[in-house]
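*Asks:* Shown below is the structure under consideration.
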Amino acid sequence: MKQILFAVAVLTMGLTISQSYHLQLLTFIGIHTILALGLNMLMGYAGQISLGHAAFYGLGAYATGILTAHWGWSPWAALPVALAGTFVVAFLVALPMLKLSGYYLGMGTLGFGMIAFIVFREWSSLTGGDSGLVGIPSLTVGTFSVSSGKPYFFLVWGCVLLAFIACERLVDSRVGRALRAIHDSEKAAAAMGIDTSRLKIWVFVFSAVLAGLAGFLYAHLVTFISPNSFGFLVSIRIVTMVVIGGMASIWGSLLGAAVLTILPDWLHVFTDYEMVVYGLILMAIMIFVPQGLTRGILDTYERSRRKAFTTPDPSQS
Amino acid sequence: MVQEILQYLFSGVTNGAIYAVIALGFTMLFSTTSLINFAQGEFVMLGAMGLITLWKGFQLPLGVAFLLSTLGVAGVGLLMERLAIRTVRKPHPIVLVIITIGASILLKGIAMIAWGKDAHSAPAFSRHPPLEVAGATLLFQSLWIILIVVAVVLALQAFYRKSLTGKAMQACAINRKAASLIGIPSEKMTLLAFALSAGMGGIGGVLVAPITMSSYDMGMLLGLKGFCAAMLGGLGNSWGAVLGGMLLGILEAMGVGLFSSSLKDAIAFLLLLGILYVRPSGILGEKAIHRF
Amino acid sequence: MRQRGTCWIVSLAICAAVVLGLAPCNGWAKEPYKIGGVFSITGASSFLGDPEKKSMEMAIEEINGRGGIDGHMLEAVIYDDEGDPTKAVLNATKLISKDDVIAIVGPSLTPTTLAIVPLVEKEKIPLISCAAGIKITEPVKPFVFKTAQSDVLAVNAIYRHVQKQNIKKIGIITVENAFGESGKEQLTAQAGKFGLNIAQAETFGAKDTDMTAQLTKIRSAEPEAVVCWGTNPGPAVISKNIQQMNMKMHLYQSHGVASPKFIELAGDAAEGTYLPTGKILVTRQLPESDPQKAVLQHYVQEFEKIYKVPVSGFGGYAYDAVQILARALPGTEGNRDKIRDGLEKVKGLVGVTGTFNFSPTDHNGLGEDAFVMVQIRSGDWKLLEK
């Protein structure tokens, strides 16, 4: 039901919005939503943090970029390779780290993210180095070009919809219940017979593959990639999207991604004060609605409705 | 070859001492509050900018400028705890981490407005010519840095061992609940830990200002390197922070000299991953300690 | 129920945000020519983007003061990409689809420029980039031009000077970003042509605090000169380190440090450094016969009068871009294909950076005269003989 509502909303937006800037912006919001969604599964449901998620985003983008631009592969052939690549790398990264409790995974992914960034930058014969990788082809289906504008908008949001469905299924399944148990208390979950570290590895890998998909979509949209799009600050921005939208809320990822994609555009009126305002907004949201914007808005809404029901209307008395 | 190795060592020790002070800041805060402060690098930047303004701009004596910048940065840390960290309704660790990230963006933004986007430089603490040791040059500034770092660590140790406040802080670090049960004001200890660790970052900034160029965006990389150093030595252990910093500095310089300079930045993070795989509590950290 | 409510609230909020926040702002009553600008006004490369934005606005004011072009006033729509390729693409899309500009000036950096090249090629919007990277105009792309000197010319100027000093063996140290990478490429590629041997090549991070280790390695290879390629503040640290280590060899810096800030940062460690620069830094020392002298004097004077800050060597890229556009615009009535054709016909335009001669095979249009060699003597730039 929700998915149908969502699909209808996407369809109407796609058909009514004609200005390509708005479409482009919404397309980027879609890509960011996929990123945030994956990380939200990890942070909200498995209780782990990743401070190097941009590395997987970059891995997906560079894998398809190198395969298509250097070796002339078709993007559709590069897609499974890119996803499989992120899958394997994420698995190897997670394997030893998830034995540790607490937030050690976060620290490890921070290190991994920085190393991946340095590899993107230094392996210049393959990645084009700092000045970037040019010549990535646009997507085509037969003779139909899915380069930008509406076709790409629908492609990206179709992927978002699929990711939504996958995540909802996961959350509502046995795995999802186990994940929530881990989030609440890892020890209790383990005592109930849940293989906590194996589950955590799989969620981590799942979120990394989603990031790889986002990277693929980014690379073929912009048709140019450079290391700075996948650096530490980008990792931090993805974490911020999740937290601002609301952890453990699938719709929160959408809201967080949208807010953080549009906000910088609004803040430009502050020119030199932009960074100050951005920092203040971030801190204020965390201080006043630490459960994230979605939950915060809903709570306020419900509180006001309860108030309306409980306080008698003065006009009637 | 000996001459080169010695030169790499000198270069590494200078950088390492700075990483060590920054790592000390991380460690101090972590042991009392179990919090990683991502604005630590920004404190370093503020310290450097403060020194340049007070010493070069207002022509204050070096000692006074040093003291005032350190105190000023400690004050910023105090404000941050009071206004941002303590006001959080649900202190979930991830929420606190994001708040420190927000604070770091805010501080960077303020610094950009206050000092502009350009870099600034400061002269060395004393106008001595560089020393020649077996053909390698050692800057007098490096000696200053090492001297001050050692003094700071010794002072910290004395503070923890001898003073009542220091002991109370240690008690908080070991068990916060038990400490507050026996009447230690744990909230005040948190405040103090924030001020001290920010001050430590400020000292790092004061030390780094004369050997490099300072700009509003210098903090992030220094903060990350300091964090790696703290993890390497063992988060929560002061001597570990010093050891981690020195080790990181020296390995970086040796890596540049003996392998390739493109490896330089990777070394810190490879060490971080390595230590997490092999010995997550760090070189000097106690084993199986519960973190976060 | 709760989930569905969330879904609606989120979708509504986003719709409202997109539509409200980005509603088009109203333009002028008359129909001006809108020219887009994308620069790195904030962020790590603001030293480029900030003067470029100011110079573009200044150039447009000047042209409007003369009555515009064919009766049309020019209007600048300038956005900040913060040095981020994604934002550059978004800004360029906004300029093309929302603001409906007839041409774009910028971006400031090679990666941001390369990111929007596919877009402007597809939409057929003339782009005049202010970035240096040679990949931008080679191979030639129909709608992409640039005003900044390529690193080819800067390396050429340095190596000609090195050759005259009878130096055979050099060491190079380059910064780890697009600028340094392109410099390293050219330094390596052209060395053979000038009979030079690169004994040691090192790199440094833009935010590194100390480069003694790299310099030690260079010193042990015993070169006769060191070429450093980077933008402030890294090269100033290198100058300081070289002085501290008492390395007795010629130091060449790149045009990336060609601003008074470098002398201020490096202090007396900058003494004796050679570097290539656009003529702007030595405007007063130029001989009266130099064709650029008048243009430069005018630009420096106006810039300092309006903005009350000293000029840097970078704002001129955007100033020239607008002048070039103004030369190509008359008679086109804003038709983008005609503007593009006009740009290729711009010849002998004397700008701040050099004299531009565009052609269908050269979209940068600068010759060797775009660079002069200067030496830093007693805290000031000294123009060297050719």
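Each value in this text was obtained by applying a stated rule to the coordinates, not by laboratory testing. It should be emphasised that the depicted structure is a prediction, and the values quoted were computed from it without experimental measurement. Ideal geometry is used to build each Cβ from the backbone, glycine not excepted, and the neighbour counts take in all protein chains shown.
*Asks:* How many partner chain Cβ atoms sit within 10 Å of a residue's Cβ in peptide A:287-294, on average, as a whole number?
*Replies:* Mean partner-chain Cβ count within 10 Å for A:287-294: 5.
*Asks:* Enter the mean projected area of the convex hull around the alpha-carbon atoms of segment B:132-284, in nm², rounded to one decimal.
*Replies:* 11.4 nm²
*Asks:* Say each of B:H128 and A:A284 gets a label point 7 Å from the Cα, pointing the same way as Cα to Cβ; how far apart are those two points in nm?
*Replies:* Once both label points are built, they end up 5.2 nm from each other.
*Asks:* Under the definition of partner shielding as Cβ atoms of other protein chains within 10 Å of a residue Cβ, what is the mean value for peptide B:104-112?
*Replies:* Average per residue, whole number: 6.
*Asks:* Using packing as a proxy for protection, rank B:45-54, A:35-44, C:182-191 so that the peptide with the highest average count of other Cβ atoms within 10 Å comes first.
*Replies:* My ranking of the peptides, most packed first, is A:35-44, B:45-54, C:182-191.
*Asks:* I need to check one value: relative contact order of chain B, counting alpha carbon pairs closer than 8 Å and at least 6 residues apart, in percent.
*Replies:* Reported relative contact order: 39 percent.
*Asks:* Something else about it: Rank by packing, highest mean first: peptides B:202-208, C:353-359, A:128-134, with packing defined as the count of other Cβ atoms within 10 Å averaged across residues.
*Replies:* B:202-208, A:128-134, C:353-359
*Asks:* Next question, about the same structure. Do any chymotrypsin sites (Phe, Trp or Tyr not before Pro) in segment B:1-83 lie in a loop, going by DSSP, with at most 10 other beta-carbon atoms within 10 Å of their beta carbon, and if so which?
*Replies:* Qualifying residues, ordered by number: B:F58.
*Asks:* In whole angstrom, and with the biggest value first, how far do the Cα coordinates of segment A:2-244 range along each principal axis?
*Replies:* 56, 46, 30
*Asks:* What is the calculated FRET efficiency for C:A294 to C:K169, with r their C-beta to C-beta distance and R₀ = 35 Å, to the nearest 0.05?
*Replies:* Using R0 = 35 Å, I get an efficiency of 0.25.
*Asks:* Right, here's the next one. Among C:P107, C:S55, C:A326, pick out the residue whose Cα is farthest towards the positive end of the charge dipole of the protein assembly as shown, where Lys and Arg carry +1 and Asp and Glu carry -1 on C-beta, about the Cα centre.
*Replies:* C:P107
*Asks:* With a Cα-only, solvent-free Debye model of chain B, what are the log10 I(q)/I(0) values at q = 0.08, 0.16 Å⁻¹?
*Replies:* Debye output, listed in q order: -0.33, -1.32.
*Asks:* Pick out, in residue order, every one of the GluC sites (Glu not before Pro) in segment C:285-386 that is DSSP loop and has at most 13 other C-beta atoms within 10 Å; say none if there are none.
*Replies:* C:E288, C:E333, C:E385
*Asks:* Please order A:V171, B:V256 by the number of other Cβ within 10 Å, starting at the fewest.
*Replies:* Going from least to most buried by this count: A:V171, B:V256.
*Asks:* Here's something else I'd like to know. What is the magnitude of the charge dipole of chain C about its Cα centre, with +1 placed on the Cβ of each Lys and Arg, -1 on the Cβ of each Asp and Glu, and no other charges, expressed in debye to the nearest 20?
*Replies:* Magnitude of the dipole: close to 360 debye.
*Asks:* Treating the beta-carbon of each Lys and Arg as +1 and of each Asp and Glu as -1, no other charges, what is the dipole magnitude of the protein assembly as shown about its Cα centre, to the nearest 20 debye?
*Replies:* In total the dipole reaches around 2640 debye.
*Asks:* Follow-up. Out of all Cα-Cα pairs in the protein assembly as shown, roughly what percent, to the nearest whole number, are more than 38 Å apart?
*Replies:* 48 percent
*Asks:* Only sites in a loop by DSSP and with at most 14 other Cβ atoms within 10 Å count here; which trypsin sites (Lys or Arg not before Pro) in segment C:92-133 make the cut?
*Replies:* Filter output for segment C:92-133: C:K124.
*Asks:* To the nearest 20 Debye, how big is the dipole of chain B about its Cα centre, given +1 on the beta carbon of each Lys and Arg and -1 on that of each Asp and Glu?
*Replies:* Taking the Cα centre of chain B as origin, the dipole is about 1000 debye.
*Asks:* Follow-up question, since we're still on this one. Between C:D337 and A:T271, what's the calculated FRET efficiency when r is the beta-carbon distance and R0 is 41 Å? Round to 0.05.
*Replies:* 0.70
*Asks:* Taking the Cα centre of the protein assembly as shown as the origin and placing charges on Cβ (Lys, Arg +1; Asp, Glu -1), which of A:A188, A:G176, B:C172 is farthest toward the positive end of the dipole?
*Replies:* Comparing the listed Cα positions along the dipole, A:A188 ranks first.
*Asks:* List A:R177, A:R237, A:R305, B:R127 from most exposed to least, where exposure is judged by having the fewest other Cβ atoms within 10 Å.
*Replies:* Least to most surrounded, the residues fall as B:R127, A:R305, A:R177, A:R237.
*Asks:* If you don't mind, another one. Going through the cross-link list C:K34/C:K345; C:K141/C:K338; A:K150/C:K122, which pairs have a Cα-Cα distance over 19 Å in this structure?
*Replies:* Where the Cα-Cα span goes over 19 Å, the pairs concerned are C:K34/C:K345.
*Asks:* Over 18 Å, how big is the tail of the calculated P(r) for segment C:78-126, in percent of all Cα pairs?
*Replies:* 15 percent
*Asks:* Roughly how crowded by other chains is peptide C:331-340, in terms of the mean Cβ count from those chains within 10 Å of each of its Cβ atoms?
*Replies:* The per-residue average across the peptide is 0.
*Asks:* While we're looking at this one, here's another question. Along the Cα-to-Cβ line of C:E368, 7 Å from the Cα, sits a label point; which residues in segment C:137-161 have backbone N less than 15 Å from it?
*Replies:* C:152-161
*Asks:* Could you work out the per residue convex hull volume over the alpha carbons of segment C:152-277, in cubic angstrom?
*Replies:* It comes to 88 Å³ per residue, whole-number rounded.
*Asks:* Please give the length that would be gained between A:A190 and A:L15 if that part of the chain were fully extended, namely 0.36 nm times their separation in residues minus their C-alpha to C-alpha distance (nm, one decimal).
*Replies:* Between A:A190 and A:L15, full extension yields 58.1 nm more.
*Asks:* Go through C:G195, C:P260, C:I238 and say which Cα lies farthest out towards the positive end of the charge dipole of segment C:152-277; charges sit on Cβ, +1 for Lys and Arg, -1 for Asp and Glu.
*Replies:* Farthest along the dipole direction, towards plus: C:G195.
*Asks:* Apply 1/(1 + (r/R0)^6) to the Cβ-Cβ distance of A:W73 and B:L83, taking R0 = 51 Å, and write down the FRET efficiency to the nearest 0.05.
*Replies:* Efficiency computed from Cβ-Cβ geometry: 0.45.
*Asks:* Separation between the B:A114 and C:E138 pseudo-spin-labels, each 7 Å from Cα along Cα→Cβ, expressed in nm?
*Replies:* It works out to 4.7 nm between the two label points.
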